[in-house]
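The values are calculated or read from the model by the stated rules, or taken from the named source; none is laboratory data. Here the structure is a predicted model, which means the values were calculated and not measured. Cβ: placed from backbone, ideal geometry, glycine included. Neighbour counts: every protein chain shown. Areas reflect the complete protein model, heavy atoms only, side chains present, ligands, DNA and RNA absent. Shrake-Rupley method; radii C 1.70, N 1.55, O 1.52, S 1.80 Å.
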Amino acid sequence: MHRDRVAVFFYYGFPVLYAILVGYLMSGIVGIGVGLYRGTVTVAVVDSDRTGASAAYIDRLDKTPELKIHIVDLETAKDSMRRRKSAAYLVLEPGFAETGWQLAIGDQPDMQLVTDKSRPAESQIVRGLVYMQLFEHIREYYLGRLIDNPQQNTRLRMLSRAYLQADTGISAAQREQLLDVLSAWEEMDRRAG
């Protein structure tokens with residue numbers, strides 16, 4: 001009888017306990033969460049660009065509940081990570097706010113993210129959040145302004161047309177539809193201009 005109870009436990013009870021344990025450990029990961037880690041991750045930020053765009057991006061990072069942002073100089077940022085007071089530091093280089101990199105695929109913003117290799121979980125959280133907020137920053141801060149800027153509009157349409165012509169991953173019908181949208185946009189700008 002004792003043997004049957006052990007077998008019943010491992011057949012029915014153990015899988016349930018295992019599922020509960022794994023569910024608890026993974027509970028926060030889906031939403032960039034951190035499973036058992038429930039705190040905030042400290043990041044030192046160096047704003048060498050000092051523009052409205054870099055300030056807006058830092059403000060966006062600061063409003064992210066999982067991050068605790070400290071604006072410092074470069075030496076303080078390095079020292080902060082060395083002393084394990086921050087999990088990473090982010091440097092926004094001069095030129096971060098220039099719009100060229102937002103309009104060309106493959107170009108990167110002038111910024112550098114350095115993470116503490118001895119803290120891999122926090123490093124991954126920081127990396128994910130920094131880039132997720134960068135995409136949101138581009139969408140809100142830049143793309144909203146492009147619509148009001150005729151020169152940038154023209155450049156954006158030219159790049160879009162070139163990428164559509166070169167993209168082999170879409171069908172000819174989809175390409176034609178998207179090119180029609182670009183042509184309609186050009187016609188609207190021409191009439192409005």
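If the Cβ limit is 8 Å and pairs must be 6+ apart or interchain, which residue in segment 125-139 that is surrounded by 17 or more Cβ atoms within 10 Å (Cβ to Cβ) pairs with which residue that is basic (Lys, Arg) and modelled with pLDDT of 85 or more?
Gln133/Arg60; His137/Arg60
Could you tell me whether segment 163-177 includes any residue that is charged (D, E, K, R), within 26 Å of the chain's Cα centre (by Cα) and open to solvent by less than 60 Å² (accessible area, probe 1.4 Å)?
No.
Go through (1) closer than 22 Å to Glu122 by Cα; (2) at pLDDT below 70 one by one and return the number of the condition Pro65 breaks.
Checking Pro65 against (1) closer than 22 Å to Glu122 by Cα; (2) at pLDDT below 70, the one that fails is (2).
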